[in-house]
Structure formats: structure tokens, C-alpha cells
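The block underneath contains the structure these notes are about, expressed in C-alpha cells.
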Number of protein chains: 4
Amino acid sequence: MPVPPPNLNPPFNIVRLSHVELRVTDLAWSRAYYVDLLGLQVTHEEAGTIYLRAMEERGHHCLILRQAAEASVGGLGFKLWSEDDLDRAAAWFAGQGLPVSWVDRPFMGRVLATRDPWGVPLEFYARMDRLPPIHQKYALYRGVKPLRIDHFNLFSPDVDKAVVFYGAMGFRLTEYTADEETGRTWAAWMHRKGGVHDIAFTNGTGPRLHHVAFWVPTPLNIIDLLDLMSTSGYLSNIERGPGRHGISNAFFLYIRDRDGHRTEIYCSDYQTTDPDLEPIKWDLKDPQRQTLWGAPAPRTWFELGSTFEGTTQRESDLKAQPIVAP
Amino acid sequence: MPVPPPNLNPPFNIVRLSHVELRVTDLAWSRAYYVDLLGLQVTHEEAGTIYLRAMEERGHHCLILRQAAEASVGGLGFKLWSEDDLDRAAAWFAGQGLPVSWVDRPFMGRVLATRDPWGVPLEFYARMDRLPPIHQKYALYRGVKPLRIDHFNLFSPDVDKAVVFYGAMGFRLTEYTADEETGRTWAAWMHRKGGVHDIAFTNGTGPRLHHVAFWVPTPLNIIDLLDLMSTSGYLSNIERGPGRHGISNAFFLYIRDRDGHRTEIYCSDYQTTDPDLEPIKWDLKDPQRQTLWGAPAPRTWFELGSTFEGTTQRESDLKAQPIVAP
Amino acid sequence: MPVPPPNLNPPFNIVRLSHVELRVTDLAWSRAYYVDLLGLQVTHEEAGTIYLRAMEERGHHCLILRQAAEASVGGLGFKLWSEDDLDRAAAWFAGQGLPVSWVDRPFMGRVLATRDPWGVPLEFYARMDRLPPIHQKYALYRGVKPLRIDHFNLFSPDVDKAVVFYGAMGFRLTEYTADEETGRTWAAWMHRKGGVHDIAFTNGTGPRLHHVAFWVPTPLNIIDLLDLMSTSGYLSNIERGPGRHGISNAFFLYIRDRDGHRTEIYCSDYQTTDPDLEPIKWDLKDPQRQTLWGAPAPRTWFELGSTFEGTTQRESDLKAQPIVAP
Amino acid sequence: MPVPPPNLNPPFNIVRLSHVELRVTDLAWSRAYYVDLLGLQVTHEEAGTIYLRAMEERGHHCLILRQAAEASVGGLGFKLWSEDDLDRAAAWFAGQGLPVSWVDRPFMGRVLATRDPWGVPLEFYARMDRLPPIHQKYALYRGVKPLRIDHFNLFSPDVDKAVVFYGAMGFRLTEYTADEETGRTWAAWMHRKGGVHDIAFTNGTGPRLHHVAFWVPTPLNIIDLLDLMSTSGYLSNIERGPGRHGISNAFFLYIRDRDGHRTEIYCSDYQTTDPDLEPIKWDLKDPQRQTLWGAPAPRTWFELGSTFEGTTQRESDLKAQPIVAP
């Protein structure tokens, strides 16, 4: 089906993706991985929970690590423009017949908890505690020098419908992969903040979180991380990359923690603020879509993901498959 | 005076800065400089006029070079969200007692021409011709690999009032320099598109254009440009840099063309989309404000600028001066 | 067998590898590839032959492209310290029962042509025409910005014996791969000029040229080349990389021209001038030997190579095989 | 006077510069500066003395920090090819009427201590303790990621004679600055190991050490160091740079410790192994000689240096002066 036009007057104003909670089975291991190896900064730490931010962020956290018996993913957090937008969001989700509740979250003002039609837990807020800038405290930079959370990527059993639903909220399509045979959308990249995406959907059993991405200064920081991971005990956590995506044009690396939560390290996509930006269409059969330089992704990259707490997954009925590494 | 709070409900929606016209006295020289040396792409060329875009832009042009008897600067162009915003902008400027007219501009829809209270020519539009993407046509990249126009910087004889006026239009302050003795604002950086600025104001005789900036991929592209300029006849066009600004945290280089039009080559500032982003205040006496690494800027950088066509300049009454290189 | 100690008093003084002739079946195509795409500089061009140098070289050429009916490789060129060394080299090769002749080569002084015991054509000289420096003519830099020829890599059916033979000439071992089961050397890196290698030997049917390598400034130049090749018609010429070798620690990319001649683009190995430098031993079973980051090389990389004119190849009897990409 | 031809058959074989001892007045401060800030690795530490090596070095040390009442510089260390070369060196210096003694140095074999005709303390050796490689232990990399000691630079009151004396030892000239009016050599760069220099001489009151240099991977590491120094209490230790030298083509930064010992952080010079490499001549009046991009060096850079223990300095009679920053 054709991709829908952007909704330039959405029911509420989403500023950007904001944060996510990863439930992990060995918090000490995860602290070493996200803090010492990748370089995220601890902003609060208490029994069983660690709050982290990236170097140029002033909101209190972009990642919450929580000790749990089983690995899973909590709500995907989005920042709204104002408290009024938060009320409008609550009304809109209720009007869709979706669950709406107000929840208490440390370091934040009012938080609206809801789910999308596939059960993905979403949280919206307008105010989070603000912290002093640290982007010029260069002695704190470590690891891959993560600057900010960039996007979420989800496996979806129905990408076409996800594009319609998130599009209604005001997410605007920047690039997408079409299955030419069925006319269906195989994957889609949608943004609010002016980059290629705040959220993306990839065809597959879902809903599951494919990855959360962090933006870094240059490709050399990614090369530094590869050197560090491969010589300090994290070789098996490297999954794919480095490379340049055809889609988004970004330089990337994919890594997976011991619980299977995947992180993309990412830089150099492009500005998408224009409301009349034309989405770029890619053919599912084009291997440069995945990697501009031609190398296909490994099978794990297409198959493995993290489950959201409290969701039931289902298979996609879109059976077309991308080229995978043999 | 204290900096005003952001206007989060502006009278019309400015998406971003868009383009500028530079009047030049030797178009062939300027073509070599902006096209062959810097790497901007020609999108249209006719007698006396050249239209250029940067590598990731899909709008028809970000820079117009026009042959003229004397060097000057035409209107500063801004893209609005919709045609309705354009009408609202016309009404707002008219309501301020400022001149409003609709002008014909090639490759564009309706264009509103007006001036700010100091006479700076401004042009607003919602639709410009769109061109196919070239950001992945890597064989076209040259020079410093300019990706997009990033911001305008203006000399202003009254920065405090400029902040109020542009703030009323919805530009949000990200950083500013205060003169501690008088309590006045010495310089201010304001944005719409989610970076540190779309427009900035620096104390000085004005209005004049201090510079127009282009965003490039990494600091190494700036080093490449320095190597190229210094060994191919453009040594005397290098004015300041490379360095890192304290303000904006950007890695920078300033160069001036033969007509004195200054360009900043710029990368690695930070994301500013949050409406509650707290402006960062700098002291005029702090040399790291200018250059994080401590080196003061040369006197020319504080004194020379380009005049706007049809304006009268006046001196600032704020006499405090920054540290300059001896 | 154990690796032999370095010969610190060799029979003649080899300064460095110098140049190679590639016979190609479509000279116009090869010119576009080596000159326009990779960025080597033409120093002489005549019917059927092109001479090239890299950006910091002052010798007349490091690569000769010669039109031929079939693709093959001519002699591997090495620069000697003095004319006396050239005479000593002639005597030494004659003493080994190897063919010795003096040949005329344009742009060069006396040239000694000989072969190693496996038939590899070798050429030695002390004087080649010298050209003015161009390393600061930055307007000439193109493509991957090749700075200098770095090394030759050969398939050898008997690496242990090659190490002894080239070691006797004064090549010093820096790193090697051992097959732990047989105690045999599977691959070896040997140098004269103070980097990890001027010449390397890899187990396989041979003698064949595996690749010739060029040194570039930084990993970002290699990323630039990948972007350029993949979007300007050279996607299928990318074979392996980018990555970091465990052996040599270099950042690499392997590409193959239409005749199958393989080029390595290479940077950031280390200095090896000390005569007591201890060779680093790697296990054939260690995948980080090939790629520090863990990804195995494709099968083509282990199997395909260029033949030398006038040689007969034979299989290696060392059947141990490295891990290849599935 | 014309520069002398290289001595291609020197009396003894110097492999490379090796190490230097800096006497410092606050060892704890210097440890923080050279180890924590710059990233050199401690290989031995005892009361009053710290031994350091850079990341790709396997010799025990390249820098010795020694607590002293007054700042000064101990001997400049050079590695010879063999023990026989050490004896030949002793004979040669004795034959020049210069002091020769054998001294005990920890972690080293026989060490010959002598002085050049201007009193500069020199130490030669063939064997130093060897340590395991750490260049692939990426978790150890810190600060500017120093890879190896690169060169010494000395103020000399008679550069012409220094070129003759060091040339007799086999140092080969790569670049030099001529004072066109007097025909005298104002500065000279000389090498043994195949880069632009192991040692350089600059006209001025001497002998004094102008700086010791360390080689780093890329210009971005130098930018990282500037960011770190300027935001962690070392702003005033930044003296000059970043920039590219005309001479040597290297990307540079100069910093000075609290005792005034100057360090150059340096990368991307070129290979000089050819015995027939033609020295490049620069005019003292050419500002691109110092900085390719045109900016002159500050006066301190031309005037301040470190004294060698036990030497008497004298002024140069060559009064020509380079352009300095105003």
C-alpha cells in the first residue's frame, strides 16, 4: 500500500524519543557494559536500578537499567512539548480505545502510560529533571563517547499499519523499504526531532525491540569502540559492522549485551526538518539498502530482538525476506 | 537585562534558516571559491547568477551568488511550515509596522519580503523547488564536503533588543554572552531547527552579516580544506581557526572571500530540540567562550562584516570589548 | 619449524620495496580505477603503458600498468642502498644458482633481473629518476589519497622456506602465523623499511601475488573510498573490509580490479626499526589474527591471486586452513 | 654554507632516537601530566623516578621523569644496531676529543655517555630491556594515545656546524631553513629511522632542548587532547597549535609542562628511507614554513627551552629572526 502523507497537524506535539528501560539479569555486568565500556554517565544509582544519560543530554536519563529475573524492555519514553500536549495525548489514546494511566516515575513530572495497538508500552511526559551540562567536561568522556539517544527500532508484524498509527501521532516518514511483489512496506523510518528517525519498524515477529541507538561524534569513535571491545572481553558482543547504511546514510555498529539487548552506535545521518521532505523508497532486494558497501547483515540481525514486558508477539504474514549473509 | 523566556507559541512557524544571496564583484572568482574550492553544488546558472545547494539539501538552493558592482548581502531566507504560516507572518510583520511585500523569486512559491527593525532584509516562504537527493552521490563530494547551511551570524548594535524581537518570532536562545558590568547581552545564539542556532547576534556596528555557516561531516574535513586553501592560492582567505568554540562547542574555521563575505565551516554542535533547554551563559571576559582552547580571535573577526543592501548602520553603544589577539 | 633469527649483516642492503608492474587487459579501465578512483598520480604515459606514483613518493613510479592480452604480474621491484649493493646482489643470486641479468628499464639506472627459487620475478636497482615533491600539492589529492606503496603479499607453497630465503637477504620477521599441529609457518610478514612488512607470504598455491598495498593517512580515507566505490560503479570490486587486522594492527580494505589484481588500502601499522624486535606469533585458529574484531575473511580472499609472468605454480602441501566466512 | 651530502657509510649505526630524562620539580604533578593526561604508560616507578613508554614501544622506556631541585634535561638516548657499533661509537667520540665514559643505567646493557661539541649529553646503547607488546591492549590507551617517541628538537647557536657534526654520525638531512641573506642554515631536520627527523636544530641560544615529540595516530587525537587539556586544568599548558607544519608536513600541537619542558604531539609526516632523498629547502621569510596555513608561531615558541644538565649556553651570532605572532 502507498505510504501515507505526513500529518502536519498532529493531535499532540512529540518533541523526540527520550528514554527506555532495559531489564537485565546481571546489573553489575550491565553497568560495566553501558557505563565503563560504552561511556554513558550514571546520574542516579540505587539498589537494583541505574539511571544513565549521554554526554550532551540535560534530561535526567535516557536509559534505565533495572535488575530483573528475566530480560525484557519497559516502556519507550517520549518527551512532549507541554503539559497541554500531555493531556491531549491522554485523550487521543483513550479515543483510540487504548489503555491510559498516569504513573509515578522518579525524576519526572506527570507521566502518561499507554500502549500502541500491538501492545508496545509507551510513556509520554513533558517534564523530566534537568541536569547541568557536561558536554564540555571532556575528562568524563569514555568508550564510544555517546552524545545522545537517537532512536528506537522495533520488529513489527504489520509495518504498514504501524506507519499509519505512528503517522497519525505526527511521526513523519523519511525512508522505507518496499516489497515490490506485494506492494507492502517491509520497513519504515519515522522522525519527530529532525533526524532520519526517532522510531523505526522492521518486518518480523513482534512487537519486539530490535535496538536502541546512540549518536556518537565520528566514525573513528566507532572504530575505537571496536578495538576496545575486541581486546577487553567483549568480542562476542560485536554483531554487525562497521558499515554505512544505504538507508539513513549513517555509519553504524551493532552490538548486543549479555541479555541480547541490541545497541546501535550511529553517526552522520542527515537533517529532516522540512515538512515537505520526500521519503526515500528502497527495494527489499537491494543489498545496498542495508549496507551501502554491499555486505549483507547476518541472520541474527534479522531474527533476534528483545521482548517488551506484558506483550504477546505474533508472526508477520509478510514472508518476503531480505538477503542475509550466507 | 535578563534574557527573555522562549516563546513556545510563536505567531508563525519558522522551520529553519534556508538561504542567502551574496552579491559579488567577480562572479567567476566566486564560483571557483564556493563551487570548486568549498564544494557547493550548482543547481542553476544563468548570466550573472548562480544557485547552489549543499550535499544533503533537497531544497533548490541555500546560496545565491549574484554579480554586482559592489559587494553586499541580499535577504536572509527562512523556510516556514505552511502557506498559512506565511500569511500569519505577513500579518505579524505588518502589525509591527514593518514593510511587507510579496516578491517573485525563481524556483520558489510565494515569498514574503520584509525587514527587521534594524533594516535587515528577511524573506519567508513555505515552498521551494525540491531536487532529488545527492547525499549518496559520493563522486560529487569536493572540497570541505558541505552538507547543509547551518546558520547566519549578524553584527547588531543592540543585541538585547534583537533577542527580544527574534524571540517573539519563536527563535529560542541556546547560549549567550553577558557583559557583567552593564548587565547587557553582548552576543546571543538562537535556533528553530534543533541545533545551537539558526541565527546569532554579536555586538557591533550593524546591522551587518558577520558570516554564514555550513555544516560539514567531521573536523578532518576542515583540516583538509585548510591544506587545500593554503596550497592552492587561498592562503590569505583563511582568517581564524581551526579551533573549538566554547560557545556551541563546535569545531570551526572562518574564511573570507575576496569581497569580504565570511563563511564559517562548522561541525559537531549539539541537539537543542527540548523546549525547556536552559540557555548557557558566558562571561565576556572568558577567553574560552570564543575558543575553548584559549586562543583569542583576531581583531578582523570582531570588526569586519558584510553590509546588507539598503540598510543604514549604526554603532553599538555597548562599548565593552572582548579579548582580541594582540 | 622455528622461525630463523634475523640476518643483521645481509649480503646486500635492500632499502625498501619499490614498485610492481601489473599487466591489465583494458588499460583505459585500469587508468580510471588506479588514477581517478584510487588517486595515484600519472608520471608518464605512452601507448600501452602508464607509470604512477603515490603522493609522498619522489621516485618516478611505484606502479606500472601495461596493456596485455592476459592479466599477470611483472617483476617485484626493490630499491637498494647503493650501486655496490647492486653488484653484491647480482653475485649473491648467481651464487644461489638463480638467473641473473641486467635489463633496461625506462626512468631507472642499472636494473638487475632475477627470480627467487619459486620463480617470482624480482628486480633490484639503486637509482630511479627522482621527481619533485607533491605531498603538499593538496589540490592533486583524490580518491583514497594514497601516500606510498607499502608492501607486497604473496601466496607461497612453502612459507617456511620463503622465510629462510628472504631472511637470508635481510628481510626481518615481524609477525607470523603458526600451524600448531604441524609446527609449520602458515604465513609470515617481513620488513626492510621499518614497518610491519615490505613483503609477506601466505600459504597457498603459488607463487602468486596476493596483493600490493598502499598506505593512506587515516581510516576515514578508507571509509571515503568505500562510499565512493559503492556509489560510482565499483561496488563489486570491494572484497573485504573495512576492518583491523590482528596481525600488523593495520586498518584495512581489500579491493580487486577487473583483472583480479588485489589492492590493500592500509594504514596505522607500527614502527619496527629495532634489530632486536621480537616477532609476534599468532595461532592459525585464532580468528582475531585476521580481523581483530572477529569477522573472518571471505573464501575468495584465501583463494584468488594474480599469477606472475613466466612462473609455474604448485599447491602447498600444508593443508591446514584458516576459518573462512561461511 | 651549502648543506653537506649525506654520509651513507657512517662510523657507527644509529637505529633511532630512544629516550630522554626530564628532571622535574614536582614529580606527582609530572606523573599526572605525562601519564594521566598524555597517556604514557608507567613501566617502572621508584622513589623519585618514573620510567615510561608509549603504546607501540617494546623498549623499556622512552621517557624518564626524575625529581630534582631544578628543572633540566639529562642525556638524549639513541639506540645503536649492535654492541660492535657501540664500541665504534666510543672510538669515534674519543677520536673527536670528546669525553667518553661507560655508565650504569637501569634496564639497559652497556651505555656510552658522551657529549657533542656544544656540551649536549648523549647516551648510546644497543640493548635495553624488552617488554611485551601492548599496542593491542586498547583498554590501556588514554589521553592523546601516544604511540612512540618521534624526535628531539634542539636550540643550537650554530646550526651549520651541528648539521656537519651530526651528519658525520650518519644523520641525514630531510628539510632545512636557509637564511637567504647570509647563506647560513637557520634550522635543520635530520633522521636515522626513516621519518622526517630523529633530531632537529633551530637557531637560538643553546644548546637547549626545544622539545621532545611523540607520534599519535591521527589529528583527531590531538583535537581530543586540546578538549581535555582546556577543560581539566591544563589550559595554560597549551602553547601553539593545532596546525600543520610546512616543514615535515606534520600535524602538530605544542604543550609545555609546569617546568617548561615542551612536548610536541605530532602525526602524519612522511617516509624518508631513500638514501638519495633530496632535502627540501625553505626560506626563513616564508611563514608557511612554520605553519602551512599561515599563522606564525608565538614568541615563546622561539625563545623558551629546557637546559641540559652541565652545559653552558651561548647566543647564536645568526641574528635573522622568523616572523612571530604579534
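The values are calculated or read from the model by the stated rules, or taken from the named source; none is laboratory data. Given the structure is predicted, the values throughout are model-derived calculations rather than measurements. Cβ sites come from the backbone with ideal geometry, for glycine too, and all protein chains shown count toward neighbours. Side chains are part of the model used for accessible areas, which takes the heavy atoms of the whole protein and leaves out ligands, DNA and RNA. Shrake-Rupley method; radii C 1.70, N 1.55, O 1.52, S 1.80 Å.
In terms of accessible area, using a 1.4 Å probe and ignoring ligands and nucleic acids, B:Ile255, C:Ile280 rank largest first as C:Ile280, B:Ile255.
Label positions at D:Asp104 and C:Asp129, each projected 7 Å from the Cα along the C-beta direction, are separated by 6.2 nm.
Overall shape: oblate for region B:83-237, with the ratio a/c of the largest to smallest alpha carbon gyration tensor axis at 1.5 or above and b/c at least equal to a/b. Dimensions of region C:49-151 along the principal axes, based on C-alpha atoms and rounded to the nearest Å, stand at 49, 35, 22, largest first. For the set D:Ile149, C:Ile323, the ranking by accessible area, highest first and with no ligand, DNA or RNA atoms included, is C:Ile323, D:Ile149 under a 1.4 Å probe. Where in chain C lies the longest segment free of GluC sites (Glu not before Pro) that are both loop residues by DSSP (not H, G, I, E, B) and have at most 16 other Cβ atoms within 10 Å? The segment C:182-308 is the longest one with no such site. With the whole protein complex present, C:Thr202 retains an accessible surface near 10 Å², based on a 1.4 Å probe. Computed with every protein chain present, the accessible area of B:Trp81 is close to 60 Å² [probe 1.4 Å]. Around the Cα centre of region D:37-168, unit charges on the Cβ atoms of Lys, Arg, Asp and Glu (plus for the first two, minus for the last two) sum to a dipole of about 440 debye.
Starting from the label point of B:Asp283 at 7 Å along Cα→Cβ, the same points in the other copies fall at 4.6, 6.0, 6.4 nm, in ascending order. Pick out which of D:Arg110, D:Arg208, D:Arg23 has the largest mean-square fluctuation in a Gaussian network model of chain D, springs linking Cα atoms closer than 10 Å. Of D:Arg110, D:Arg208, D:Arg23, the most mobile in the Gaussian network model is D:Arg110.
The modelled label-to-label distance between D:Asp36 and A:Asn7, using points 7 Å beyond Cα along the C-beta direction, is 5.4 nm. Of the listed residues D:Thr205, A:Thr263, the order by accessible area with a 1.4 Å probe, largest first, is D:Thr205, A:Thr263. Judged by the ratio a/c of the largest to the smallest principal axis of the C-alpha gyration tensor, the protein assembly as shown counts as prolate, that ratio being 1.5 or greater while a/b is larger than b/c. Ligands, DNA and RNA aside, A:Trp186 has an accessible area near 10 Å² when probed at 1.4 Å. Per-residue Karplus couplings for region B:54-61, computed as 6.51 cos²θ - 1.76 cosθ + 1.60 with θ equal to phi - 60°, are listed in order as 8, 5, 9, 7, 10, x, 4, 7 Hz, Gly and Pro entered as x.
Take C:Glu46, push a point 7 Å out from Cα through the beta-carbon direction, and compare it with the same point in every other copy: 5.3, 6.7, 8.4 nm, smallest first. For a paramagnetic label modelled at 7 Å from the Cα of D:Ala94 toward its Cβ, which residues of region D:108-144 fall within the zone defined by backbone nitrogen distances under 16 Å? Output list for this probe position: D:111-115, D:124. First check a/c for chain C, with a ≥ b ≥ c the square roots of the eigenvalues of its C-alpha gyration tensor; if it is under 1.5, answer rounded, and if not, answer prolate when a/b is larger than b/c or oblate otherwise. Cα axes put chain C in the rounded bin. Rounded to the nearest 20, the Cβ-based charge dipole of the protein assembly as shown about its Cα centre (Lys and Arg +1, Asp and Glu -1) stands at 0 debye. The rotation axis taking chain D to chain A passes closest to the C-beta of one chain D residue; that residue and the distance in whole Å read D:Leu220, 3. Under a 5 Å amide H cut-off, with hydrogens placed 1.01 Å from N, C:Gly59 pairs with C:Leu131 among residues at least 5 apart or on other chains. Copy-to-copy label distances for B:Trp102, where each label lies 7 Å from Cα along Cα-to-Cβ, are 4.7, 8.9, 9.9 nm in order of increasing length.
Rounded to the nearest 20 debye, the dipole size of chain C about its Cα centre is 420 debye, using +1 on the Cβ of Lys and Arg and -1 on the Cβ of Asp and Glu. Scaled to the globular estimate 2.2 N^0.38 Å, the Cα spread of region C:145-305, given as radius of gyration, is 1.00.
Near B:His151, the amide H atoms lying under 5 Å from its own belong to B:Ala213; only residues 5 or more places off or on other chains count, and H is placed 1.01 Å from N. So what is the relative contact order for chain A, in percent, with contacts set as C-alpha pairs under 8 Å and at least six apart? It comes to 19 percent, rounded to a whole number.
Among the lysines of chain A, pairs at least eight places apart or on separate chains and with Cα atoms under 28 Å apart come to 14.
The label-point distance for A:Glu46 and D:Ala47, in a model that sets each label 7 Å from Cα toward Cβ, rounds to 5.1 nm.
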